[in-house]
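Visitor: Mind looking over this structure? Questions follow.
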Amino acid sequence: MTDKILYDLRGVSKEFVKGKEKITIFDNLNMSIKEGEFLAIMGPSGSGKTTLLNLLGGVDKPTSGEIWFNGSRVDNLSESQLAKWRAGNIGFIFQFYNLMPMLNAERNVELPLLLTNLSSKQRKERVAAAMELVGLSDRAKHMTSEMSGGQQQRVAIARAIVSDPKLILCDEPTGDLDRKTADEILSMLQLLNRDFGKTILMVTHDPSAATYAKRTLHLDKGEFVEKELTT
Amino acid sequence: MSDLYLVYKNLTRKKLRFFLTFFAIFIAFLMFGALTAFDSALNAGVELSADNRLISVNKINFTQPLPISYVRKVQTVEGIEAVAQFNWFGGYYKEPRQQVMTFAVDPATLLAVYGDDIAIDEERYDNWQKNQQGILVGKAVADLYGWKVGDRIPLHSNIFSKQDGSSSWAFDIEGIYTAKYPQADTNSVYIHYKYFNETQSFGGNFIGWMGIKTLDPKLNEQVIKAIDDMFANTPFETETVPEKAFNQSFIAQLGNIGLILSSVVFASFFIILVIVGFSMALAIRERTNEIGVMKTLGFSSLRIFKMVLMESFMLIFLGGIAGLFTATYFLGFLNNAPQFPLPDLILSNDIILKAVAIMVFLGLITGIIPAVNALRLNIITALSRR
C-alpha cells in the first residue's frame, strides 16, 4: 500500500425522491482510499453500502459533492465518458457473479477486453493468464452453467482483473457461497491485493469476510460510525 | 470474439425461439420470392412490350376475325414500319391436354415486328420461310416434347379442321427460337398462314389480329387513329391499342392477381412484424440484468443500442436470405416442371433488391424499440432486476 490517494470523496451527498418524499442516503460524506488498500465496508441493510459502491464505480452520480479518482474528478463526466472510465479503471465483482450464460468461461473473461484496442492474440494471452491466476485454465471452454458457484465467482474475478484495472469493487462477493468456498474467494482477493497491488473495496455483511481486508469501515444510516478497524 | 459474435450468441441462446422466429421469416420471404416472381412472370408480357408496338383487333372482341386484306391496307398508313398477322390455331400435340400455343403467321413479317424478342439463327429462319409446312418452335415447347430440328410432328386443332375432315396437320420443325430476354415467352409455335389458310375448311382469308410496329412511339396515337378511322363504319371495325395496354387488359381478365399476391405478402410480413417484434422485446426484457452488467463493465449505451439493433437485423437477414435462396430453387423446380404454362419464373435483381429493402425495414422496425429501451436502461435499475 502506498500513501497515494486513489479515491477521494469530498462532501458527497446523495438523495432520492420517492413519490413526494425525499430520502437522504448520504449527507456530506468524506472518505479517501489509498492505492493498494483492501478496504471492507460493512453495515446493515439500508445503510448505503451499495449506493456508495455505485458512486465509487461511476454507475451513479452524487446529488452534490465531488468524487476524485487518481487525481481527476469523475463525478462530472458524461455517461459515455464514465463508461470509458469504468472500462479502463474498475473491475467489478458481483454477489451473483453476473456472467453471460451464452458464453463459455474464457469468452466471459474476454468480454471487458472488447473495450480495448488489444489484438485477438493479445486478448487470448490476457484471458489465459487471468484464467490461470484463478486456477481455471482447465475449465476455460466450459459453459458457466456447468460450473459451481465458487468456480463462477472465480470466472467473475478473472473477468474483473483481465483488463488490469487499478481498483476492484466487490459487492457481497461471497454472499452466495458456502464458508469454505467463500474463504477461497477471499484468499484470492487477498492475493490480488498483496501480490498484484490491486486496490480492493469490498462491501459485505459477513464479519469474517471483512477480516481478510486491511481496513474496515462501518456504515450506518449514511455515516461511517466506527472507523479504522485495521487488521 | 467480436460484437457480432456476441450478437449471434444472444440471438441463438434460446434455440426453439430462434428456430420458430427464423422459420416464420424464412416462410415469409420464400412466399415473397415465389409470389413476386410469379407476378412478374404474369406481367412479363406487359413489361417486355415494346413501346412502338400496337395490337389491332376486331372492335367487337379480340376473338372475332378481321379480313386478311386489312394487313395490306394498314401497311400503307404513315408512320408504320411493319405489320404482322396472327391467327389462333388452337393447337395440341397428341392429346388435348398437351396444349401448344400455335399461331398462323406470315414468316416474311413476323421478325420485322418481333425481331427484338425472338432470337433465331438466320439460316433456320430462311429454311422455315421456304417450307410452307415448316414450323418455328419456341425452346420451352421443344424442350417439353423433346422436339428437334428436322422432326416431323403432328399438331391438332381444336377449332379448325382440314378440308379432308381431319384436324391433324403435319409440320416439319425448321427452327427452334429462343428469347432475347430471360423472361420472354418461348411457349409458342408459328406456322405458315398460307398453308393454314389453304388447307383449313372453315372459311378463309381471315386473320385474328395484327401486330404493328411504328417508326417511333411518338407516332402511336396518330397511327392508332389512322387505322381505326380507316375501318370505321365497316363490318369489321378495328380497335387498335398499344401492345402494353393490350397485354395489361388481357392479364386483367384473370382478375387482379397483383393485388391478391400483394395482400398475401403484406399479411405475411405484418405477421412477421408482430412475431419478431414481440420476440425481440421479450428477449431484451429477459436480458435486462445482463445489459446492466455490460454497461457496468464499460460498454457504452450506444454500443448496446447497436448490438440490439444488429440482433434484429441478423435474425431478419438470416431468415430472409434463407427464404430467398430456397425460393430460387423452388422456382427452378417449377420452371423445369413439364407443361409449366408461364415464362421462366426468375428471382430478378429487382425482386432481390425489394426483399433486401423489406429486410432492412423489418429489422429496423422490430429492433428499434428494444434497442431504444436498452439504450435508455439505467444501470442501477437493470442490476436490481434478476
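The values are calculated or read from the model by the stated rules, or taken from the named source; none is laboratory data. The shown structure was predicted, so the numbers you read here are calculated from the model rather than taken from an experiment. For neighbour counting, all protein chains shown are included, and Cβ atoms are generated from backbone atoms with ideal geometry for every residue, glycine included.
Visitor: Can you tell me which of A:Ala182, A:Ala209, A:Ala158, A:Ala213 is of a type in the set (Gly, Ala, Ser), within 14 Å of another protein chain (Cβ to nearest Cβ) and crowded, with 19+ Cβ neighbours inside 10 Å? If you could, list the steps in order and put the result at the bottom.
Guide: Details: A:Ala182 fails: within 14 Å of another protein chain (Cβ to nearest Cβ); A:Ala209 fails: within 14 Å of another protein chain (Cβ to nearest Cβ); A:Ala213 fails: within 14 Å of another protein chain (Cβ to nearest Cβ).
After applying the criteria, what remains is A:Ala158.
Visitor: Looking at (1) touching a Lys or Arg at 6+ places or on another chain (Cβ under 8 Å); (2) under 30 Å from B:Ile80 (Cα atoms); (3) surrounded by fewer than 19 Cβ atoms within 10 Å (Cβ to Cβ); (4) of a type in the set (D, E, K, R), can you tell me which one B:Asp172 breaks?
Guide: Answer for B:Asp172: the failing condition is (2).
Visitor: If only one of B:Ile260, B:Ile275, B:Ile304, B:Ile291 is assigned by TED's automatic domain parsing to the domain that holds B:Asp344, at pLDDT below 85, more than 13 Å from B:Phe32 (Cβ to Cβ) and not in a loop (DSSP other than H, G, I, E, B), which one is it?
Guide: Values: B:Ile275 fails: at pLDDT below 85; B:Ile304 fails: at pLDDT below 85; B:Ile291 fails: at pLDDT below 85.
The unique qualifying residue is B:Ile260.
Visitor: Can you go through B:Ala327, B:Ala357, B:Ala371 and tell me which one is more than 14 Å from every other protein chain (Cβ to nearest Cβ) and either of a type in the set (S, T, N, Q) or surrounded by fewer than 21 Cβ atoms within 10 Å (Cβ to Cβ) (or both)?
Guide: Sole residue among the options that is more than 14 Å from every other protein chain (Cβ to nearest Cβ) and either of a type in the set (S, T, N, Q) or surrounded by fewer than 21 Cβ atoms within 10 Å (Cβ to Cβ) (or both): B:Ala357.
Visitor: Please go through segment B:76-113 and pick out each residue that is out of contact with any Pro (no Cβ under 9 Å at 6 or more places or on another chain), closer than 26 Å to B:Arg152 by Cβ and hydroxyl-bearing (Ser, Thr, Tyr).
Guide: Passing the criteria: B:Tyr92, B:Thr102, B:Thr109.
Visitor: What strands (runs of 3 or more DSSP E), lying completely within segment B:48-129, carry at least 1 residues that are among the charged types (D, E, K, R) and either out of contact with any Cys (no Cβ under 9 Å at 6 or more places or on another chain) or touching a residue at least 60 places away in the same chain (Cβ under 8 Å) (or both)? Give the steps one after another, and end with the answer.
Guide: Details: elements: B:53-58, B:80-88, B:99-105.
So the answer is B:53-58, B:80-88.
Visitor: Condition check: more than 13 Å from B:Asn87 (Cα to Cα), in contact with a Pro (Cβ under 8 Å, 6 or more places away or on another chain) and crowded, with 16+ Cβ neighbours inside 10 Å. Does B:Asp185 satisfy that? Please lay out each step first, then the result.
Guide: On the way: more than 13 Å from B:Asn87 (Cα to Cα): yes; in contact with a Pro (Cβ under 8 Å, 6 or more places away or on another chain): yes; crowded, with 16+ Cβ neighbours inside 10 Å: yes.
Criteria met by B:Asp185.
Visitor: Could you figure out which of (1) under 14 Å from the mean Cα position of the chain (by Cα); (2) under 13 Å from A:Glu37 (Cβ atoms) isn't true of A:Asp171?
Guide: (2)
Visitor: Taking into account only those residues within segment A:125-148 that are of a type in the set (S, T, N, Q) and either in a helix (DSSP H, G or I) or within 14 Å of chain B (Cβ to nearest Cβ) (or both), which is surrounded by the most Cβ atoms within 10 Å (Cβ to Cβ)?
Guide: Taking segment A:125-148 and keeping what is of a type in the set (S, T, N, Q), we get A:137, A:144-145, A:148.
Those left that are additionally either in a helix (DSSP H, G or I) or within 14 Å of chain B (Cβ to nearest Cβ) (or both): A:137, A:144-145.
Numbers: A:Ser137: 14, A:Thr144: 20, A:Ser145: 10.
So the residue we want is A:Thr144.
Visitor: Just to be sure before I move on: is B:Ser301 surrounded by 15 or more Cβ atoms within 10 Å (Cβ to Cβ), within 14 Å of chain A (Cβ to nearest Cβ) and not basic (Lys, Arg) in the structure I sent?
Guide: Working: surrounded by 15 or more Cβ atoms within 10 Å (Cβ to Cβ): yes; within 14 Å of chain A (Cβ to nearest Cβ): yes; not basic (Lys, Arg): yes.
So B:Ser301 passes the test.
Visitor: Any idea which of A:Ser208, A:Ser163 is of a type in the set (S, T, N, Q) and part of a helix (DSSP H, G or I)? Break it down stepwise before answering.
Guide: Numbers: A:Ser163 fails: part of a helix (DSSP H, G or I).
Sole residue among the options that is of a type in the set (S, T, N, Q) and part of a helix (DSSP H, G or I): A:Ser208.
Visitor: On to the next question. From (1) in contact with a strand residue (DSSP E or B) (Cβ under 6 Å, 6 or more places away or on another chain); (2) part of a loop (DSSP other than H, G, I, E, B), pick out the condition that doesn't hold for B:Ile159.
Guide: Result: B:Ile159 passes all but (1).
Visitor: Looking at this structure, is B:Ser201 among the hydroxyl-bearing types (Ser, Thr, Tyr) and assigned by TED's automatic domain parsing to the domain that holds B:Phe29? Outline the logic, then answer.
Guide: Values: among the hydroxyl-bearing types (Ser, Thr, Tyr): yes; assigned by TED's automatic domain parsing to the domain that holds B:Phe29: no.
So B:Ser201 fails the test.
Visitor: How many residues does segment B:12-23 contain that are in contact (Cβ under 8 Å) with a residue 40 or more places away in the chain, part of a helix (DSSP H, G or I) and either crowded, with 18+ Cβ neighbours inside 10 Å or within 14 Å of another protein chain (Cβ to nearest Cβ) (or both)?
Guide: Matching residues across segment B:12-23 total 4.
Visitor: To continue, here is another question. From B:Ile284, B:Ile227, B:Ile316, grab the single residue that is at pLDDT 90 or above and under 30 Å from A:Ser80 (Cα atoms). Let's see the steps before the verdict.
Guide: Numbers: B:Ile284 fails: at pLDDT 90 or above; B:Ile227 fails: under 30 Å from A:Ser80 (Cα atoms).
On inspection, the qualifying residue turns out to be B:Ile316.
Visitor: Considering each of A:Glu79, A:Glu15, A:Glu110, A:Glu106 in turn, give the residue that is among the charged types (D, E, K, R) and more than 30 Å from B:Asp3 (Cα to Cα).
Guide: Working: A:Glu79 fails: more than 30 Å from B:Asp3 (Cα to Cα); A:Glu110 fails: more than 30 Å from B:Asp3 (Cα to Cα); A:Glu106 fails: more than 30 Å from B:Asp3 (Cα to Cα).
Matching residue, one of A:Glu79, A:Glu15, A:Glu110, A:Glu106: A:Glu15.
Visitor: Among the residues of segment B:63-87, write down those that are hydrophobic (A, V, I, L, M, F, W, C) and surrounded by 18 or more Cβ atoms within 10 Å (Cβ to Cβ). So that I can check it myself, show each step before the final result.
Guide: Taking segment B:63-87 and keeping what is hydrophobic (A, V, I, L, M, F, W, C), we get B:66, B:68, B:71, B:74, B:77, B:80, B:82-84, B:86.
Result: B:Leu66, B:Val71, B:Val74, B:Val77, B:Ile80, B:Ala82, B:Val83, B:Ala84, B:Phe86.
Visitor: Still on this structure, please answer the following. Tally the residues that are without any contact (Cβ under 8 Å) to a residue 60 or more places away in the chain and within 10 Å of B:Ala371 (Cβ to Cβ), restricting the search to segment B:271-312.
Guide: 1
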